[in-house]
1. What's the number of the only condition in (1) without any contact (Cβ under 8 Å) to a residue 60 or more places away in the chain; (2) within 20 Å of Ala175 (Cβ to Cβ) that Val316 fails to meet?
2. Can you confirm whether the range 124-140 contains a residue that is surrounded by fewer than 17 Cβ atoms within 10 Å (Cβ to Cβ), touching a Pro at 6+ places or on another chain (Cβ under 7 Å), of a type in the set (Val, Ile, Thr) and modelled with pLDDT under 95?
3. Which of the residues that make up the range 265-315 are of a type in the set (D, E, K, R) and in a loop (DSSP other than H, G, I, E, B)?
4. Would you check which residues across the range 103-131 are of a type in the set (A, V, I, L, M) and part of a loop (DSSP other than H, G, I, E, B) and list them?
5. Residue by residue through the range 292-332, note down the ones that are over 19 Å from the mean Cα position of the chain (by Cα) and aliphatic (A, V, I, L, M).
6. Name the single residue, out of those in the range 1-15 being crowded, with 24+ Cβ neighbours inside 10 Å and of a type in the set (Val, Ile, Thr), that is nearest to the ligand (Cβ to nearest atom).
7. Exactly one of these conditions fails for Val205: (1) in contact with a helix residue (DSSP H, G or I) (Cβ under 8 Å, 6 or more places away or on another chain); (2) near the ligand (Cβ under 10 Å from one of its atoms); (3) modelled with pLDDT of 95 or more. Give me its number.
8. In the range 14-70, what residues are in contact (Cβ under 8 Å) with a residue 24 or more places away in the chain, among the acidic types (Asp, Glu) and within 16 Å of Lys2 (Cα to Cα)?
Amino acid sequence: MKYFVIGGAGYIGSHFVAEAIRQGHECQVYDSLELGHKSAVHPEAALLIGDIHDTDYLAKTIDSFSPDAIFHYAAYALVPESVEDPCRYYHNNVGGVISLVDAMRLVSYKNPLIFSSTCAVYGTPNSLPVSSDMTKAPESPYGHSKLFAEQVLRDAAAVDRFSVMMLRYFNACGADVSGTIGENHDPETHLIPNIIKAALNNTTVSIYGDDFDTPDGTCIRDYIHVTDLAESHILAANFLMNPRHQGLNYSINIGTGTGYSNLDVLRMVEEVLGAKIRYEIVPRRTGDATALYADSSEAEELIGFEAKHSSLRNIVETAYNWHKTLEARSAK
Ligand SMILES: NC(=O)c1ccc[n+]([C@@H]2O[C@H](COP(=O)([O-])OP(=O)(O)OC[C@H]3O[C@@H](n4cnc5c(N)ncnc54)[C@H](O)[C@@H]3O)[C@@H](O)[C@H]2O)c1
């Protein structure tokens, strides 16, 4: 299959490309490189540097590549930054999707589209596990921008007759088994890379709050390995390729269904690294839910998804391998 991957130089997109190429697919990456890395793009994938807002260039590219499926990963994804500068988020995350839909319309693209959404669309859920039909109450402009983008896609798919699946990821983590790509954000706000960095640099990692209503007081999240996320996209594309799904839209959660507390994660990093890690408890961040984990049964039933790489140990081991590569690169 020919896959067109917007945002394929970023963390999750580059892992998708690596896995898709391993499975024999051809990938063309389209990325502004504002946040992504050229070095993260698999050498067998073509890289086009372009902004999603450049509708004409996007349309020409889609037309000439003629993909069997489009994967949209390109967005801004930092909750606190979205609170500080909401319009920047709406511009990129909603405006970018409108530009993509316009480009698809210009070239009459009717094949599947897979969209990276997030569990942030739910806000603080009323019950657990979180299923896709639960109330959507985002608590940040980031979460709102993804929910608006989903709505744009639903409306456009019905009229333009393409099929779309929104995959609402829980916490993406881990790294490719090759050790050559992994999470490389600046600033890094995610727990696992920050714990590993603290261990490698002999610094102290911050844990946000120990007064949540959980067994150890720290908040609980559902950690899904990026290679499992990649696989869920391939399954989603296969599902949408069924002609009976033309013009339809689907939204499902992608998680493991298991929650781990911040301290569970810290202990696992200590176990894998065989070292004690210094941490300090700092005040909770506004809007951090006590516990979030997915109802993973719907992804299993709809697209046959099963998380195979998401044991906490494998997540930490692969992330640690990647961080050693990163350290070695920066030491040169
Ligand atoms: N990381 C997570 O835990 C997580 C969880 C839920 C959802 N998501 C979603 O997954 C997607 C990918 O997240 P990520 O962590 O890989 O982010 P990332 O920042 O690592 O990657 C995003 C990529 O998109 C590119 N990009 C951004 N704006 C662009 C534009 N206007 N035109 C072209 N390229 C552009 C960036 O250069 C970057 O390469 C995002 O849509 C995010 O909202 C991520």
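The values are calculated or read from the model by the stated rules, or taken from the named source; none is laboratory data. The model shown is predicted, which means the values in this text are computed figures rather than measured ones. Every residue, glycine among them, receives a Cβ derived from its backbone with ideal geometry; neighbour counts consider all protein chains shown.
1. The single condition Val316 does not satisfy is (1).
2. Looking through the range 124-140, none of the residues is surrounded by fewer than 17 Cβ atoms within 10 Å (Cβ to Cβ), touching a Pro at 6+ places or on another chain (Cβ under 7 Å), of a type in the set (Val, Ile, Thr) and modelled with pLDDT under 95.
3. Narrowing the range 265-315 to residues of a type in the set (D, E, K, R): 267, 270-271, 276, 278, 280, 284-285, 288, 295, 298, 300-301, 306, 308, 313.
Of everything in the range 265-315, those that are of a type in the set (D, E, K, R) and in a loop (DSSP other than H, G, I, E, B) turn out to be Lys276, Arg278, Arg284, Arg285, Asp288, Asp295, Glu306, Lys308.
4. Hits for the range 103-131 are Val107, Leu128.
5. Leu302, Leu326, Ala328, Ala331, listed by residue number.
6. Filtering first and then ranking leaves Ile6.
7. With (1) in contact with a helix residue (DSSP H, G or I) (Cβ under 8 Å, 6 or more places away or on another chain); (2) near the ligand (Cβ under 10 Å from one of its atoms); (3) modelled with pLDDT of 95 or more applied to Val205, the lone miss is (2).
8. Glu19, Glu26, Asp63, Asp68
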